[in-house]
1. Might you report the magnitude of the Cβ-based charge dipole of region B:1-123 about its Cα centre, with Lys and Arg at +1 and Asp and Glu at -1, to the nearest 20 debye?
2. Given region B:68-181, what whole percent of its Cα pairs are spread farther than 22 Å?
3. Which value, in nm² and rounded to one decimal, describes the direction-averaged projected area of the C-alpha convex hull of region B:716-796?
4. Is there a pair in B:195/B:355; B:195/B:322; B:588/B:617; B:524/B:672; A:50/B:632; B:588/B:638 whose C-alpha atoms are over 19 Å apart, and which pairs would that be?
5. Taking only the alpha-carbon atoms of chain B, what semi-axes of the equivalent ellipsoid follow from 5 times the gyration tensor eigenvalues under a square root, in whole Å, largest first?
6. In region A:43-67, which residues become less accessible by 30 Å² or more once every protein chain is in place, relative to the chain on its own, using a 1.4 Å probe?
7. How large is the charge dipole for region A:18-108, taken about the Cα centre, if only the Cβ atoms of Lys, Arg (+1) and Asp, Glu (-1) carry charge, to the nearest 20 debye?
8. Quick check: Cα centre of region B:520-548 to Cα centre of region B:598-628, how many Å?
Amino acid sequence: MTTTTKTNWIDICQLQDIPRNTGVCADLQGTQVAIFHIQPRNLEGVSQIKAVSNFDPFARANVLSRGLITELDDKYRIASPLLKQQFCLDTGICEQDESVSISTFESRIHNGFVQLKEVS
Amino acid sequence: MAKQRIVVVGNGMVGHHFISQLHKSHSDEYEIITFCEESRLAYDRVMLTSYYTGNSADDLAMTTPEQYDEMGVKYYLNQEVISIDPQAKSVTSSGGDIISYDKLVLATGSYPFVPPVPGKDQEHIHVYRTLDDLDAIAESAKDSTVGVVIGGGLLGLEAANAIKQLGLKTHVVEFAPRLMAVQLDQGGGDLLRQKINTLGVEVHTEKNTKEIVAGETCKYRMNFADGSFLETDTIVFSAGIRPRDNLARAADLQLGERGGISINNQCQTSDADIYSIGECALWDNKIFGLVAPGYNMAKAAVSHITGGDKEFAGADMSTKLKLLGVEVASIGDAHANTPNSQTYSFIDTATGIYKKIVMDESGKILLGAVMVGDSSDYGQWLQMVLNKIELTHPPEYLLLPEAEGESGGSSAGIDALPDSAQICSCLDITKGELNEAVAAGATDISALKSCTGAGTGCGGCVPLVTQVMNAQLSKLGVSIDSSLCRHFKYSRTELYDIIRVKNIRSFNALLDDCGAGEGCEICKPAVGSMLASLWNEHVLEDELIGLQDTNDNFLGNMQKNGTYSIVPRIPGGEITPDHLILIGQVAKEYNLYTKITGGQRIDLFGAQIHQLPAIWKRFVDAGLETGHAYGKSLRTVKSCVGNTWCRYGVQDSTSMAILIEQRYRGIRSPHKVKMAVSGCARECAEAQSKDFGIIATDNGWNLYVCGNGGMRPRHADLFASDIDDATLLRYIDIIFMFYVRTADRLQRTSVWMESLEGGLDYLKEVVMEDKLGINDELLAQMEHLIDTYQCEWKTTIETPEKLKRFSHYINSSKADDNIIFGTVRDQISPSEKALELATEL
Ligand code: SRM
Ligand SMILES: Cc1cc2nc3c(=O)[nH]c(=O)nc-3n(C[C@H](O)[C@H](O)[C@H](O)COP(=O)(O)OP(=O)(O)OC[C@H]3O[C@@H](n4cnc5c(N)ncnc54)[C@H](O)[C@@H]3O)c2cc1C
Ligand code: SF4
Ligand code: FES
């Protein structure tokens, strides 16, 4: 017998609540998730959403949503506002110390809403 | 065939250098074993004192056990070699091991000499050589108030600096009539003594310590031969070093008359299979108490063992250092011992600079020099001595600061050096080797450092290495890459002009115009700052938010736990009782940690993101404004009370400070800008350590520019004297805007001015003579910025849209539950408990 757990997408906020190329912090069932609204120049009007843990493992504080988004060779990273380490927004791996990484979360834009996938 | 076994006795700086050189060139051919009497593998003894100022033993380590394991080097820690049997070719260690060798290398260094003064073997009496010594001194310092260093040589003064840093009242006792007798002449020694005295370290020369007995006011009393005495709790002997040649002596190797293991140019001792290198070795009857000659010996020994022909050919003992913050240097024949040599000297007692040069008979070749208080010419002069470069001007030109420019700018000096000129003495790298590396693609200083090693020792040669690199780059026709980052192929100054001339208003528009990609942590804040300096829009405009670091973004400085600090502007440090009370009330209500800052104002710490608007509303309503403590912009204008209250004051410094703070508040610049105004020459506002410092005179104001404190303090330079209010403001307007327009990102005014070709004089020409014809434009720009000033917090509070971001969660009104405070001295403090909890997450 197999059981399937259905995971749901949870509405977090409207896309327009996150100014372009900045981040916010969301409460996902008690976990702090940093969500970033990225809108590359060449895709004027087309937004992407990326979500990682809000907890900065170096500074040990919940601050990553307030960091600066950086781009290099089409890869996006978030630079911690405290000690400036950068984390890849796709893999969570720290640029300065590959042995450290932060969790990433599934996210999407749906009908103008930013959604995170419920953790089961 | 079995590998040859090399045993290295002593794992100090030189022993380790030998091992790493041998391993680098011939890693597979030798079995290397080293004995290390200390509990750690080699560490940087030259930087020993930095152990007290933040460097840990790990920071100082030159290698690690893991690295040695990986290299296949076998090491014995805490084990001394106690004898050598040259016939059996083996050594015996204190642990009882007997190890045979094919080649033996003695790198045992030296030990501090302690004169046989009665009473020397007591508690709290130390030497200064190893990390263990430093631990012991720090332990003694804990219950001491006075410390004495016996010996006023190079190491003694360094030790004095160290115990002063430990908070002891410090004395230096010297047997000779002057400090640093080996390196300095009487003039230099006297000036150094004066400078050190003003730092609060007392110097006693011509004192011969007779005995150390119990003291009355302190633990010990030192009685001197002349009948005087000194009381102290801690004593550090630094009376010279002696080569550790006891092993060699017992093995009947040839020693010098006064000790030291005799070696030839290949660094072999009298037994051809035993080498000796570093401070224990005696070459041509000389001991070399510096690390660079030791490294060269290590190279010569490696070369001989591996069949090469590199020889040790002596070493230059020129030195440059900073003792107790005073720059001191000596080059070549500093004492004018060369027959018929001529000396010239220059003394400026006002600024405390002493320089002496020794010329040959013809007056054309520099033989040696002494410098105290300013050693900026060291690199240049050393090269002139080593390479016997003929002067084109009379020798006095070298000494006169004004004439320096004419005697051939720095690059002309570099071009005059032959390829064989040694540029980095620590790692023995020549100009030719640097040029080759540059030609092979090492086109920036960090690449050049890592591929040649130059500049990775004491670091003193880095300016010269950079000059050589730049000269070579321009010779190769490579333009020096000044791109801001991967996204913009322009320098900050170029981008500033592009934005200004093309009237560009957003980051994306600039990327479209002349950039690539989407931006990074370097270009985003830099462009954000330039847009603000030019157009002065509110920093929380949607287009601008993503460019700023969090501080600008939430109008507060983020603290270690993610909370923010709040700093209202307190112009000139003047504040009404009502404002003081309000600040106190708000701090109490929100339970914020309160502290007076170093900038004459009040900082409230620990505010959470959702509390910021409400707190600021209280301040703004009462007429307080943002202090821009978070911005790369004007910070504070410190003031003294001036002639309103002070009996010495000659102008109203407080009013001037307030006027200036209000004039320049909020202006975004490449880095932060600080100012101060003092009411008379007593300088209570410390104006000469500021980007702009103003000191009242009987006739007006003296303007000082481009000073700063911080990591690399720089005294400001006098820009204009006795000027009136209007001229003062005009000058500051122009200099400030010229800085905004032409400085590099994150460059303080001090570094900026030093990087301007022509320096202060050029800046004067630009400002006073309008050399570039841009003053009207700069003044207009400044006027625009002054006119468009707004209190960023006031605007924010009045715009509900902007307040949305001031919440920890976008989808909940909860606060961050990871922020927990403890209590320290009756105020909140970021709790360690919170940090512990956080790690468990
Ligand atoms: C609060 C204060 C210390 C205090 O408790 O007194 C302070 C605190 C900070 N200083 Fe400072 N500095 C403070 C006075 C100074 C002074 C003294 C002065 O201004 O008279 C100096 C030396 C003078 C100078 O700058 O030339 C000073 C030299 C620095 C430096 C080194 C700058 C340099 O050029 O080397 C930094 C680092 C930087 O800016 O890159 C720094 C950076 C910082 C930062 C911003 C570090 C950071 O990024 O977190 C600190 C955060 C402030 C906050 O959270 O509010 N702070 N800092 C002082 C605030 C003064 C004010 O009212 O605004
Ligand atoms: C505070 C201080 C500041 C200095 N500043 C400078 C500077 O600015 N510039 C500069 O050029 N030089 C400076 N020096 C000098 C420099 O540190 C020495 O020239 C250099 O360390 C010499 O290296 P070495 O390997 O010959 O000796 P060391 O570094 O002394 O190493 C010798 C090692 O051998 C060990 N040893 C000795 N005998 C035995 C044995 N029988 N068995 C096993 N191990 C043994 C010792 O314990 C020691 O660890 C400074 C020295 C000090 C103490
Ligand atoms: S600088 Fe002069 S005027 Fe100002 S407080 Fe000091 S002594 Fe008084
Ligand atoms: S001279 Fe010391 S690092 Fe180059």
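1. Rounded to the nearest 20 debye, it is 380 debye.
2. On the way: 3361 of 6441 pairs.
Of all Cα-Cα distances in region B:68-181, 52 percent exceed 22 Å.
3. Working: hull surface 26.9 nm².
Quarter of the Cα hull surface area: 6.7 nm².
4. Details: B:195/B:355 15 Å; B:195/B:322 12 Å; B:588/B:617 16 Å; B:524/B:672 17 Å; A:50/B:632 30 Å; B:588/B:638 26 Å.
Where the Cα-Cα span goes over 19 Å, the pairs concerned are A:50/B:632; B:588/B:638.
5. Values: eigenvalues 554, 211, 199 Å².
So the three semi-axes of chain B are 53, 32, 32 Å.
6. With the partner chains in place, region A:43-67 has these residues losing at least 30 Å²: A:55, A:60, A:62, A:66.
7. Values: 9 positive and 11 negative charges, 60 e Å.
Dipole size: approximately 280 debye.
8. Rounded to whole Å, the Cα centres lie 22 Å apart.
The values are calculated or read from the model by the stated rules, or taken from the named source; none is laboratory data. No experiment lies behind these values; they were computed from the predicted model shown. Cβ atoms come from the backbone with ideal geometry, glycine included; neighbour counts cover every protein chain shown. When the accessible area is computed, the model is the full protein with side chains, heavy atoms only, and any ligands, DNA or RNA have been set aside. Shrake-Rupley method; radii C 1.70, N 1.55, O 1.52, S 1.80 Å.
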